[in-house]
Structure formats: C-alpha cells, structure tokens
Amino acid sequence: SNYSPAKNQHPNTTNKNQGPISYLFTSPRIPGKFLPEKASELGVPPGPLRAALKNNKTVSITCRDGTTKSVYPHQVLSGGCDQGVAIAVLCVPDLGVLKRLNALTHALSPFKSCNIRQPSGDI
C-alpha cells in the first residue's frame, strides 16, 4: 500500500488542514410510467407515436376533424424525474463545513423538484 498516515494520526481520520473532498454520482433522466388510458383519451393510437411519448418526445396527431394537435409526454406519463438522481459523497475535515453547506439551501434546489427525501436529523 502507498498510504502512510502522518505520525501519530489514526489512518481513519481526516487531516484538519485538508479541504473538503466530494464526489457526485448522477443518473440519467428517470422516465415516468406510461399511462395507455390517457394516451387513448387523447387520441394517440398504439404504435410509434406512443413509443415516442414513452421516450419523452412530443408528438403530433391528426384528429378526426382534420385538425392537428400536439400531445406532450407529461400528459401521458406519471412520475419520473427529468433531472435523474444525484448522490453526493462528502469527506469533510469537520462538521462546520456540513453546517455551512446545509445553510446554502439554494445550492440543493434543483434536486428538490423530484421529491427526493432529505436526510433527517441534525448535521
């Protein structure tokens, strides 16, 4: 192993002079559940148009009266999350760093629209 802790330092502790280290793991968009009954109500026939809606694409259909209308994925999909899921792993020198990060709630706001559970308890 190339790791050697500083003299008199336990190998599982962080150096107080070391800045925070972070890793962010993200997933692609999480598709919603396709609702075929909603697609039928909107006049979308089975086949490639429904497949396009499942893949988050807007489609145009021709109505019986000859007019054209757009059907949007949010009309036939339930749930899902356009941002995907993000998991952050932080290694910080002390709890003060986490408290300061927690105070910056605007930094986490892009992830709140997906109803992601926030950790409970005090930091």
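The values are calculated or read from the model by the stated rules, or taken from the named source; none is laboratory data. Just so it is clear, the model here is predicted, and its values are computed rather than measured. Positions of Cβ are generated from backbone atoms using ideal geometry, with glycine treated the same way; all protein chains shown enter the neighbour counts. SASA here: full protein model, heavy atoms, side chains in, ligands and nucleic acids out. Shrake-Rupley method; radii C 1.70, N 1.55, O 1.52, S 1.80 Å.
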Residues satisfying the stated conditions in segment 72-95, i.e. more than 28 Å from Ser27 (Cβ to Cβ) and either β-branched (Val, Ile, Thr) or open to solvent by 60 Å² or more (accessible area, probe 1.4 Å) (or both): Asp94, Leu95
Filtered residues of segment 22-71 (kept if open to solvent by 90 Å² or more (accessible area, probe 1.4 Å), over 27 Å from Gly84 (Cα atoms) and touching a strand residue (DSSP E or B) at 6+ places or on another chain (Cβ under 9 Å)): Thr62, Thr68
Residue list for segment 25-49, filter: basic (Lys, Arg) and under 11 Å from Val71 (Cβ atoms): Lys38
Strands (runs of 3 or more DSSP E) wholly inside segment 6-123 that include at least 2 residues being modelled with pLDDT under 85: 21-26, 86-91
